[in-house]
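The values are calculated or read from the model by the stated rules, or taken from the named source; none is laboratory data. Treat the numbers as computed from the prediction; the structure is a model and nothing was measured. Counting neighbours? That spans all protein chains shown, and the Cβs are built from the backbone with ideal geometry, glycine included.
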Amino acid sequence: MMNKLADQYHIYDDTQPLAEAAANFIVLKIKACLKQQPRCRIALPGGNTPAACLEALSKQTLPWSQIDWYMGDERCLPIGHAERNDTMVSQTLFNGQGPSKKQFFPIKAELGADKAAKAYQAQIEAFDALDIVILGMGEDGHTASLFPNNKALTKQDSVVAVFNAPKPPEERVSLGLNTLIKAKYRIVLAPGEGKQEALKKLTLGESLPIGLIGPKHWFLDHAAIAD
């Protein structure tokens, strides 16, 4: 089943070993990147699933000043809101152990989707491509804030405003599909039984947003894989 999903897949017994393995994998890719260029640019996910991975990543030894951090998407909520993606990132990755927030470039989603997307486009288009994008996958197969059948999925912009999202808040900002495709490495963290249906659909050839972003490194647990 799994060889149809992506070029590489990594399956673990539970979410904690998955999170630690994903963090170690990200470290290897960061080091490989920095051997070839002076900076490594990484887009971060939101949601609950990546929190353990980002916390494990913060404990690693890396040349943090050479790494720039961006958001894969953000919810249009006030700064500091518990449901904002950068709130989780601040509590896990930027917890004082590892990287500094000086290299963190959050999305100003408090401005509203249109204004925030345009402002973030200028930052994302200041370089050729992201080196690493760390992503999650929703039960409907969405990734970042690119949802099935949503207009944002078809936009060509590097950063897109998202309206009418099927889960609250309805207004969001997301890296565009083309930006995700251009990234050197795409890493997807998708543990849990709730991911089974989307994974089944992908193996059957159904078009879902997560399947459109190109070759991926999947990090799954056994609960995500149907018998």
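What number of residues in segment 63-100 are within 19 Å of Ala144 (Cα to Cα), assigned to a loop (DSSP other than H, G, I, E, B) and of a type in the set (Gly, Ala, Ser)?
2
Residue by residue through segment 122-166, note down the ones that are part of a loop (DSSP other than H, G, I, E, B), within 20 Å of Ala51 (Cα to Cα) and not hydroxyl-bearing (Ser, Thr, Tyr).
Met137, Gly138, Glu139, Gly141, His142, Ala144
Scan segment 120-143 and give yes if some residue there is small (Gly, Ala, Ser), out of contact with any strand residue (DSSP E or B) (no Cβ under 7 Å at 6 or more places or on another chain), surrounded by fewer than 24 Cβ atoms within 10 Å (Cβ to Cβ) and over 20 Å from Leu212 (Cα atoms), otherwise no.
Within segment 120-143, one or more residues are small (Gly, Ala, Ser), out of contact with any strand residue (DSSP E or B) (no Cβ under 7 Å at 6 or more places or on another chain), surrounded by fewer than 24 Cβ atoms within 10 Å (Cβ to Cβ) and over 20 Å from Leu212 (Cα atoms).
How many of the residues making up segment 144-166 are polar (S, T, N, Q) and either under 21 Å from His217 (Cβ atoms) or buried (at least 23 other Cβ atoms within 10 Å of the Cβ) (or both)? Talk me through it step by step, then tell me what you get.
Taking segment 144-166 as the starting set, the residues that turn out to be polar (S, T, N, Q) are 145, 149-150, 154, 156, 158, 164.
Within this subset, residues satisfying the condition of being either under 21 Å from His217 (Cβ atoms) or buried (at least 23 other Cβ atoms within 10 Å of the Cβ) (or both) are 145.
Total meeting the criteria: 1.
Hey, Lys184 hits all of (1) charged (D, E, K, R); (2) at pLDDT 95 or above; (3) surrounded by 18 or more Cβ atoms within 10 Å (Cβ to Cβ); (4) touching a Leu at 6+ places or on another chain (Cβ under 8 Å) but one; which does it fall short on?
If we test Lys184 against (1) charged (D, E, K, R); (2) at pLDDT 95 or above; (3) surrounded by 18 or more Cβ atoms within 10 Å (Cβ to Cβ); (4) touching a Leu at 6+ places or on another chain (Cβ under 8 Å), just (3) comes out false.
Only residues that are in contact with a strand residue (DSSP E or B) (Cβ under 7 Å, 6 or more places away or on another chain) and in contact (Cβ under 8 Å) with a residue 60 or more places away in the chain: list them for segment 144-156, please.
Ala144, Ser145, Leu146
Tally the residues that are under 30 Å from Asp114 (Cβ atoms) and in a loop (DSSP other than H, G, I, E, B), restricting the search to segment 191-217.
Total satisfying the criteria: 5.
In this structure, is Gln60 in a loop (DSSP other than H, G, I, E, B), touching a Ser or Thr at 6+ places or on another chain (Cβ under 6 Å) and more than 18 Å from Leu180 (Cβ to Cβ)? Reasoning before the result, please.
On the way: in a loop (DSSP other than H, G, I, E, B): yes; touching a Ser or Thr at 6+ places or on another chain (Cβ under 6 Å): no; more than 18 Å from Leu180 (Cβ to Cβ): yes.
It is false that Gln60 is in a loop (DSSP other than H, G, I, E, B), touching a Ser or Thr at 6+ places or on another chain (Cβ under 6 Å) and more than 18 Å from Leu180 (Cβ to Cβ).
Looking at segment 4-12, is at least one residue surrounded by fewer than 18 Cβ atoms within 10 Å (Cβ to Cβ), in contact (Cβ under 8 Å) with a residue 40 or more places away in the chain and in a helix (DSSP H, G or I)?
Within segment 4-12, one or more residues are surrounded by fewer than 18 Cβ atoms within 10 Å (Cβ to Cβ), in contact (Cβ under 8 Å) with a residue 40 or more places away in the chain and in a helix (DSSP H, G or I).
So, of the residues in segment 72-112 that are among the charged types (D, E, K, R) and in contact with a strand residue (DSSP E or B) (Cβ under 8 Å, 6 or more places away or on another chain), which turns out to be farthest from Pro168 (Cα to Cα)?
Step one: of segment 72-112, the residues among the charged types (D, E, K, R) are 73-75, 83-84, 86, 101-102, 108, 110.
When the remaining residues are screened for being in contact with a strand residue (DSSP E or B) (Cβ under 8 Å, 6 or more places away or on another chain), the result is 73-75, 83-84, 86.
Working: Asp73: 14, Glu74: 12, Arg75: 9, Glu83: 10, Arg84: 11, Asp86: 16 Å.
Selected residue: Asp86.
Being without any contact (Cβ under 8 Å) to a residue 60 or more places away in the chain and either crowded, with 20+ Cβ neighbours inside 10 Å or under 17 Å from Ala129 (Cα atoms) (or both) is the filter here; which residues of segment 38-51 pass it? Before you say what the answer is, go through the steps one by one.
Taking segment 38-51 and keeping what is without any contact (Cβ under 8 Å) to a residue 60 or more places away in the chain, we get 38-39, 48, 51.
Within segment 38-51, Pro38, Arg39 qualify.
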